[in-house]
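Asks: Got a structure for you, written out below as structure tokens; questions coming shortly.
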Amino acid sequence: MKAFILGVFATLLSVSVSAEPVMTLITLNTDDPAGYRDWAMNSAETIGEANAAMAGGLCSPRAGAEEMGDLYLWTLFDSQKTAWSADPMNPAVAAEVAKIPVNRTVRDWDTYRVVRQADTLSEKSYAWNIMVKTSDTGAYLTAIDSLYAAMQDNGFDDISMQVFAADTGRWAGSIMVSMSASSPSRLGEAMDARTESWFSEILAGLGSIREYQYGWGLACETFYAAQ
């Protein structure tokens, strides 16, 4: 599985400049998160292959859920073309969806451009995601790059950062930044670092160009990675 995951990101890194990686994100709610997770894990390979996806998995909120029982089903594609070509009525996909053993309500089904991608994709990770509205996207992304470099230089070289731009839905036009670690305690250490001068100085420079819209604490799993 780990070799497949590294292969996914090698493929994404080699994507033509005319294409951009895309994540689709389905926000759903269920009174049986464990049952839905089991279904997602067992059906991920069939659905991923049917949709020509690069990877897929599920995130569960540890903090910041809009409603208790929320889950976030994510899928990575190598391009907008592939993402938009995925057909939810594909017979193979429809057959797997019909197997879902729990009641669930889908609230959002959106696409996000992958603006900055992590070097690797973990089988399990813990993330702090924030959605922001910015008046200067270029300056904001430059600051995020600077923050990531500073974290690398200050003992947090194991922390991943990804940046997504929402193309559809209620967050369209907003930027989502994801900081993730291999354990919840390590993620907490990285968040504690916000009190350090090298971290806080970069954040202070963003006050005039961005506004927080929402934040989530997540436990995420990868269930499928293309070979």
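Values in this text are rule-based calculations from the coordinates and carry no lab data. Everything quoted here is computed from the prediction, not taken from an experiment. FYI the Cβ positions are ideal-geometry reconstructions off the backbone, even for glycines, and counts take in every protein chain you see.
Asks: Full extension from VAL106 to MET41: what is 0.36 nm times the residue separation minus their Cα-Cα distance, to one decimal in nm? Each step should come with its number before you reach the end.
Replies: Details: separation 65, 0.36 × 65 = 23.40 nm, distance 1.80 nm.
Between VAL106 and MET41, full extension yields 21.6 nm more.
Asks: To continue, here is another question. Is the shape of the range 163-203 rounded, prolate or oblate, going by the alpha carbon gyration tensor and its root eigenvalues a ≥ b ≥ c, with a/c under 1.5 for rounded and a/b larger than b/c for prolate?
Replies: On the way: a/c = 4.09, a/b = 1.72, b/c = 2.37.
Taking the square roots of the gyration eigenvalues as a ≥ b ≥ c, the range 163-203 is oblate.
Asks: For ALA98 and ASP145 in the same chain, what is the full-extension length gain: residue separation times 0.36 nm, less their Cα-Cα distance, in nm?
Replies: 12.7 nm
Asks: Given the convex hull over the Cα atoms of the range 124-217, what projected area results after averaging over all orientations, in nm²?
Replies: Details: hull surface 23.8 nm².
Result: 6.0 nm².
Asks: So what is the relative contact order of the chain, in percent, for Cα pairs below 8 Å that sit 6 or more residues apart? Please list the in-between numbers first.
Replies: Working: 453 pairs, mean separation 70.6, N = 227.
Contact order relative to length: 31 percent.
Asks: Just to confirm the number: angle between the C-alpha axis of helix 2-13 and the first principal axis of the chain, 0 to 90 degrees, nearest 10?
Replies: 70
Asks: Once the cut-off is 20 Å, how many percent of the Cα-Cα pairs in the range 13-116 end up in the long-distance tail? It would help to have the intermediate numbers written out before the result.
Replies: Details: 2105 of 5356 pairs.
Value for the range 13-116: 39 percent of Cα pairs lie more than 20 Å apart.
Asks: Within a Cβ distance under 14 Å of ALA92, other residues only, what is the Lys/Arg minus Asp/Glu net charge?
Replies: Details: positive: LYS99; negative: GLU45, GLU49, ASP87, GLU96.
Value of the local net charge: -3.
Asks: In µm²/s, what is D for the chain at 37 °C and 0.692 mPa s, where D = kT/(6 pi eta Rh) by Stokes-Einstein and Rh is the Kirkwood radius from Cα pairs?
Replies: It comes out at roughly 180 µm²/s.
Asks: To the nearest 500 deg cm²/dmol, what mean residue ellipticity at 222 nm is calculated for the chain from DSSP H runs of n ≥ 4 alone, each contributing -39,500 (n - 2.57), summed and divided by the residues?
Replies: On the way: 7 runs with 77 residues, N = 227.
Helices in the chain give a 222 nm mean residue ellipticity of -10500 deg cm²/dmol.
Asks: Taking 0.36 nm per residue of sequence separation and subtracting the Cα-Cα distance, how much length would be gained by fully extending the chain between GLN152 and ASP167, in nm to one decimal?
Replies: 2.4 nm
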